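Trainee: Take a look at the following structure, please.
The values are calculated or read from the model by the stated rules, or taken from the named source; none is laboratory data. Computed from a predicted structure; not experimentally measured. Here the Cβ positions follow ideal geometry from the backbone for every residue, glycine too, while neighbour counts run over all protein chains shown. The protein model used for the area step is the full one, side chains on, heavy atoms only, and it has no ligands, DNA or RNA in it. Shrake-Rupley method; radii C 1.70, N 1.55, O 1.52, S 1.80 Å.
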Protein chains: 2
Amino acid sequence: MTFTDRDKKHLWHPLTQHKLQKDLPVIVKAKEAVLLDDQGNEYIDGIASWYTAMYGHCNPEIVDAVSKQLGTLDQIVFSGFTHPPAIELSESLMAILPKNQQKLFFSDNGSTSVDVAIKMALQYYYNQGVKRTRIIALEDGFHGDTFGAMSVSDLSVYNGPFEEFFIDVARIPVPSETNINEVEQQFDSLLAQGNVAAFIYEPLVQGAAGMKMYRADLLDRILGIAKKHGVLTIADEVMTGFGKTGTFFASDQIPHKPDIMCLAKSLTAGIASMAITTCTQEVYMAFYDDEITKGFFHGHTYSANPTACAAAQKSIALLQSESFQEHIQRIYKQHLQFAEKMKLHKKVKNVRCLGVIFGMELTNTLDRYGEKRNQLFQFFMKRGVFLRPLGNTIYILPPFVISDEQLDKIYHCIEEVLEIV
Amino acid sequence: MTFTDRDKKHLWHPLTQHKLQKDLPVIVKAKEAVLLDDQGNEYIDGIASWYTAMYGHCNPEIVDAVSKQLGTLDQIVFSGFTHPPAIELSESLMAILPKNQQKLFFSDNGSTSVDVAIKMALQYYYNQGVKRTRIIALEDGFHGDTFGAMSVSDLSVYNGPFEEFFIDVARIPVPSETNINEVEQQFDSLLAQGNVAAFIYEPLVQGAAGMKMYRADLLDRILGIAKKHGVLTIADEVMTGFGKTGTFFASDQIPHKPDIMCLAKSLTAGIASMAITTCTQEVYMAFYDDEITKGFFHGHTYSANPTACAAAQKSIALLQSESFQEHIQRIYKQHLQFAEKMKLHKKVKNVRCLGVIFGMELTNTLDRYGEKRNQLFQFFMKRGVFLRPLGNTIYILPPFVISDEQLDKIYHCIEEVLEIV
């Protein structure tokens, strides 16, 4: 039996309607920016396997660090114990985080890092005897799939059957040049009600919405209003974090810093699932008390798994290195050139670029998971490029190590695909 | 600066009130059943680092399999692709799961596996146009820390500040010889209301409640009532799974099989965080449709991470081996002998044993996270044994590879501690 047939017997894939799903390619190997399937076909990984393998697949320096850790200390309960990989990672991370971030709380993926952030914000007020139970989020935001994370997300394909089970969330539009005054007003009057605990946002780029970008200065005005009302701000940097927007974090480009940040995905470079929710000393101190129950009684078994910490620490060292910073600049410049060209194309509605993220909206409308969109996916795959269009948005978020030739091949395929849409 | 001081600067530990927390031991190495700290002290890991490292820390066969995988394929999007480690793991798992389990859905930890199970159950009815939105859970149950998992849990220290944000859950007492008729009646009339989607339970052993055990035949009567009403049953085997109760799964000891199962913790032997929610073909078929949106649109980035799959597959191979099955029997026999002795002790309220799980309740009452409980913890640590009492329950859940001498040392320490409580 082929791998494909064996796959179908018992595996239920995420975000997949199996009745309509074509046979899945079987990936057997990955190296740097390239994926290899069981038929010997190669694909350029144009989205770094969901923005994780930014340092290249199976990066030898990271694999080395992880292998060493695996033979030394695999796992230890992080409640009641500590260990060097977590301590060293905390120091590496502090060196690149916005200065107001002081404490790190571990969990296992982006969704749980958001559930943690929401719980932190709610309990922050609860511990002070203040009743603030509402969260504000951005329209078209996406923050994950657990119940807390779903509640603050606004993409209905993910939430449909579950909406009546959500926590109390109000939404405001993403600020733009045309709506900023209204959004400010709406946000201000929502916060004036005094029942809002936190505002959660994907800074600068809304990933799952289709790499939609918005201006730092406009977001900053919104954050200023949150600060004025004493509402905690939560930057979900699960997608944007670790160099993808050109700076270490998207929040680096915005004057008002968040109170809480969510980190995952490329935190561990594709090696293992791990997430961190960071926060200010002020947030932390609301839990620091003689009363035991004012502590934060959240705890996943694999919190701060030593192997995952080792992967994260080595990744951050690479990110800080001159050569990776050069990669980021190189990719950004190429993206800008390609964007200039694409802007003129009549089938292109708009183009946006930030750091290594390139997004382009087509004039045609395509369903997020529809037949047309799948044709684009297949078109790219047949030409040896893995891209994952989101509705009518084609985007690239390549590993930092992608070569100029590989990037050119992706650009060329995108130009080709415009002829058939 | 020492590791201890460095730890305090930026790390926020789970389930910890830092103001009351003593300096944390720094674990630098682990091998088989032993942990080593930075002062050269050794500790027997009496709870297999929260029931994960059951095959021994840094098990060379597992580390080998994982290291090979790390150099081959680290990560690939599991929506739109598949890969051999996931396929091979699915076959290994199918060989030991209850026969009615047919499909495997990946996530990243026990909490998310429960959120997935709840979402599956709710959407199972939603997709059929049936309004069933309530979940029934057991009193004293614990299922995790995300909002969905918290909702079905009943340990108030974890839930306090968040209770008003929960989905609709009703609770029934754990069935016992004395209450079974009432519980059956209560459960039956709750289900007769027709709005219940699922019943979730930790089969045979409630872990976080203090390794509380209850009878298979009584649970089976409850499950029979759920089947009669067409209510889905969810076995949370995150703690009990993979040999700990003497059989591959606790559900193997109960005639009525669950519709959905949650697996995590020792699934990956302490190497990486991963979870799987399994289900019957019937559950799966409620999502299999020409309509895209009837699919299950849940998906974590690291779903079925190849490295974690490699760890899981090797672990299951070890679990099935004669030598590990012998380990389980050996530990069970030793536990039984020790239990006989402890039953006679005047400070012991009751003793319970199942597979490699040993639990013992003291006549004294201790707070779950109180000062007295911490003294017990310290007492054991000073003698080179890591145990983690839950209130007035002392329990052991050792790695399968623990030696008889190491087990005896743990037993001896427990006898000693009875002199001071």
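Trainee: Restricting to region B:88-128, what's the tally of residues that are under 17 Å from the mean Cα position of the chain (by Cα) and charged (D, E, K, R)?
Mentor: 2
Trainee: Just a yes or no: is a residue in region A:93-100 more than 9 Å from every other protein chain (Cβ to nearest Cβ), surrounded by 24 or more Cβ atoms within 10 Å (Cβ to Cβ) and not aliphatic (A, V, I, L, M)?
Mentor: There is no residue in region A:93-100 that is more than 9 Å from every other protein chain (Cβ to nearest Cβ), surrounded by 24 or more Cβ atoms within 10 Å (Cβ to Cβ) and not aliphatic (A, V, I, L, M).
Trainee: State all residues of region A:214-245 that are assigned to a loop (DSSP other than H, G, I, E, B) and either farther than 22 Å from A:LYS314 by Cβ or not assigned by TED's automatic domain parsing to the domain that holds A:GLY194 (or both); if no residue qualifies, say none.
Mentor: A:TYR214, A:ARG215, A:HIS229, A:GLY230, A:VAL231
Trainee: Before we move on, is B:PHE297 touching a helix residue (DSSP H, G or I) at 6+ places or on another chain (Cβ under 6 Å), closer than 30 Å to B:LYS131 by Cα and within 14 Å of chain A (Cβ to nearest Cβ)?
Mentor: Taking the combined requirement at face value, the residue satisfies it.
Trainee: Is it true that some residue in region B:151-171 is touching a strand residue (DSSP E or B) at 6+ places or on another chain (Cβ under 8 Å), farther than 30 Å from A:ARG132 by Cβ, of a type outside the set (Phe, Trp, Tyr) and buried (at least 18 other Cβ atoms within 10 Å of the Cβ)?
Mentor: For region B:151-171, residues touching a strand residue (DSSP E or B) at 6+ places or on another chain (Cβ under 8 Å), farther than 30 Å from A:ARG132 by Cβ, of a type outside the set (Phe, Trp, Tyr) and buried (at least 18 other Cβ atoms within 10 Å of the Cβ): absent.
Trainee: Being farther than 16 Å from B:TYR288 by Cα, more than 7 Å from chain B (Cβ to nearest Cβ) and not β-branched (Val, Ile, Thr), is that true of even one residue in region A:18-31?
Mentor: yes
Trainee: Additional query: Would you be able to say whether some residue in region B:267-275 is touching a strand residue (DSSP E or B) at 6+ places or on another chain (Cβ under 8 Å), closer than 30 Å to B:LEU336 by Cα and either of a type in the set (Lys, Arg) or in contact (Cβ under 8 Å) with a residue 60 or more places away in the chain (or both)?
Mentor: The answer is yes, given that some residue of region B:267-275 is touching a strand residue (DSSP E or B) at 6+ places or on another chain (Cβ under 8 Å), closer than 30 Å to B:LEU336 by Cα and either of a type in the set (Lys, Arg) or in contact (Cβ under 8 Å) with a residue 60 or more places away in the chain (or both).
Trainee: If you scan region B:303-313, which residues turn out to be outside any helix (DSSP H, G or I) and either open to solvent by 10 Å² or more (accessible area, probe 1.4 Å) or among the charged types (D, E, K, R) (or both)?
Mentor: Residues satisfying the conditions do not exist here.
Trainee: Taking only region A:346-368 into account, find how many residues are open to solvent by less than 30 Å² (accessible area, probe 1.4 Å) and within 14 Å of another protein chain (Cβ to nearest Cβ).
Mentor: Number satisfying all stated conditions: 1.
Trainee: Also: Being touching a residue at least 60 places away in the same chain (Cβ under 8 Å), under 25 Å from the mean Cα position of the chain (by Cα), farther than 27 Å from A:SER107 by Cβ and part of a helix (DSSP H, G or I) narrows it down to one of A:LEU319, A:LEU407, so name that one.
Mentor: The conditions single out A:LEU407.
Trainee: Please go through region B:172-211 and pick out each residue that is charged (D, E, K, R) and surrounded by 14 or more Cβ atoms within 10 Å (Cβ to Cβ).
Mentor: If the condition is that a residue be charged (D, E, K, R) and surrounded by 14 or more Cβ atoms within 10 Å (Cβ to Cβ), then B:GLU184, B:ASP188, B:GLU202 are the ones that fit.
Trainee: What number of residues within region A:101-127 satisfy the criterion of being more than 9 Å from chain B (Cβ to nearest Cβ) and touching a Gly at 6+ places or on another chain (Cβ under 7 Å)?
Mentor: 1
Trainee: Which condition does A:PHE380 not pass, out of (1) modelled with pLDDT of 95 or more; (2) in the same structural domain as A:GLY71 (by TED's automatic domain parsing); (3) of a type outside the set (Lys, Arg); (4) open to solvent by less than 40 Å² (accessible area, probe 1.4 Å), if it passes all the others?
Mentor: Against the list (1) modelled with pLDDT of 95 or more; (2) in the same structural domain as A:GLY71 (by TED's automatic domain parsing); (3) of a type outside the set (Lys, Arg); (4) open to solvent by less than 40 Å² (accessible area, probe 1.4 Å), A:PHE380 comes up short only on (2).
Trainee: Mind checking which residues of region B:137-155 are acidic (Asp, Glu) and away from chain A (no Cβ under 11 Å)?
Mentor: Passing the criteria: B:GLU139, B:ASP140, B:ASP154.
Trainee: Can you name the residue in region B:279-294 that is touching a strand residue (DSSP E or B) at 6+ places or on another chain (Cβ under 9 Å) and facing another protein chain (nearest Cβ under 9 Å) and is also surrounded by the most Cβ atoms within 10 Å (Cβ to Cβ) among such residues?
Mentor: So the residue we want is B:CYS279.
Trainee: Return yes or no: is B:SER189 at the interface with chain A (Cβ under 8 Å from one of its Cβ atoms) and either assigned to a helix (DSSP H, G or I) or free of Cβ contacts under 8 Å to residues at least 60 places away in the same chain (or both)?
Mentor: No, not satisfied.
Trainee: Would you check if there is a residue in region B:333-350 being of a type in the set (Val, Ile, Thr), assigned by TED's automatic domain parsing to the domain that holds B:SER49 and under 25 Å from the mean Cα position of the chain (by Cα)?
Mentor: For region B:333-350, residues of a type in the set (Val, Ile, Thr), assigned by TED's automatic domain parsing to the domain that holds B:SER49 and under 25 Å from the mean Cα position of the chain (by Cα): absent.
Trainee: Tell me which of these A:PRO255 doesn't satisfy, since it passes every other one: (1) crowded, with 20+ Cβ neighbours inside 10 Å; (2) assigned to a loop (DSSP other than H, G, I, E, B).
Mentor: Going through the list (1) crowded, with 20+ Cβ neighbours inside 10 Å; (2) assigned to a loop (DSSP other than H, G, I, E, B), A:PRO255 breaks only (1).
Trainee: While we're looking at this one, here's another question. Can you go through A:ILE394, A:ILE410, A:ILE328, A:ILE402 and tell me which one is touching a Pro at 6+ places or on another chain (Cβ under 8 Å) and in the same structural domain as A:ALA33 (by TED's automatic domain parsing)?
Mentor: A:ILE410
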